[in-house]
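What follows is one structure encoded as structure tokens, with my remarks underneath.
The values are calculated or read from the model by the stated rules, or taken from the named source; none is laboratory data. All values derive from a computational prediction rather than experimental measurement. Glycine gets a Cβ as well: all are built from the backbone with ideal geometry, and neighbour counts include every protein chain shown. When the accessible area is computed, the model is the full protein with side chains, heavy atoms only, and any ligands, DNA or RNA have been set aside. Shrake-Rupley method; radii C 1.70, N 1.55, O 1.52, S 1.80 Å.
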Amino acid sequence: MSFRAKVYDMVRQIPAGRVCGYGDIAVLCGSPRAARQVGYALAALRPVDGVNGVAEDPKGRAVPWQRVLRTTGHIAFAGDPVRGPLQQRLLEEEGIVFEQDRTNMEHFRWAPTVEELKG
DNA sequence: TCCATGACTCCGC
DNA sequence: CGCGGAGCCATGG
């Protein structure tokens, strides 16, 4: 199983209302230093519905990419005029609270349980 | 096989 | 705090 496939599977497990850092996903996928590659994996998703932010992986399964943020709580693609605001909107609809342009990672960070990791 | 590309991070200033 | 630079490493050509 490729690194990207692991990333997609892991991101799919993040429940609505919770977020995770790129680095966190990298660790959970077995490559602690590959945070950047996690972002690259999400960038490779195929956009399906631009308005609702739906994107799928190569297998056609939807991936909640909006739940992955920088460790600082900032939206990684903030510079993107479309995806930046979209990501924040999607997260706020799930109950994530933004203070200025960042979230409180301490409060919203998600970590899988042992059971969830068995997958 | 080598090389460029990056939705990242850590560190120093 | 913010900024720039260096390190990181999975992919694809």
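The largest accessible area among A:Tyr40, A:Tyr8 belongs to the first residue in A:Tyr40, A:Tyr8, and the rest follow in falling order (1.4 Å probe, all chains). Heavy-atom accessible area for A:Trp65, with the other protein chains in place and a 1.4 Å probe, reaches approximately 40 Å².
Close amide-amide hydrogen proximity is noted between A:Thr103 and A:His74, each under 5 Å apart and 5 or more residues distant or on a separate chain (H modeled in the peptide plane; Pro and chain starts excluded). With the biggest extent put first, the Cα atoms of region A:32-101 measure 36, 32, 22 Å across the principal axes.
Across the alpha-carbon atoms of region A:1-77, the computed radius of gyration and Dmax are 11.5, 33 angstrom. Once the chain from A:Met1 to A:Leu117 is taken as fully extended at 0.36 nm per residue, the excess over their C-alpha distance is 40.2 nm. Distance from the Cα centre of region A:52-73 to that of region A:13-35, in angstrom? So the two Cα centres are separated by 12 Å.
Karplus-based coupling profile of region A:49-56, in residue order and whole Hz: 9, x, 5, 8, x, 7, 9, 10, with θ = phi - 60° in 6.51 cos²θ - 1.76 cosθ + 1.60 and x standing for Gly or Pro. When the residues A:Asp49, A:Asp101 are ordered by accessible surface, computed with a 1.4 Å probe over the protein chains alone, the sequence from largest down reads A:Asp101, A:Asp49.
Computed from phi, the 3J(HN,Hα) profile of region A:21-31 under the Karplus parametrisation 6.51, -1.76, 1.60 (θ = phi - 60°) reads x, 4, x, 4, 4, 4, 4, 4, 8, x, 10 Hz, with x in place of Gly and Pro. Computed over protein heavy atoms with a 1.4 angstrom probe, the accessible surface ordering of A:His74, A:His107, largest first, is A:His107, A:His74. Inter-label distance, A:Glu99 to A:Arg46: 4.1 nm, where each label sits 7 Å from its Cα along the C-beta direction.
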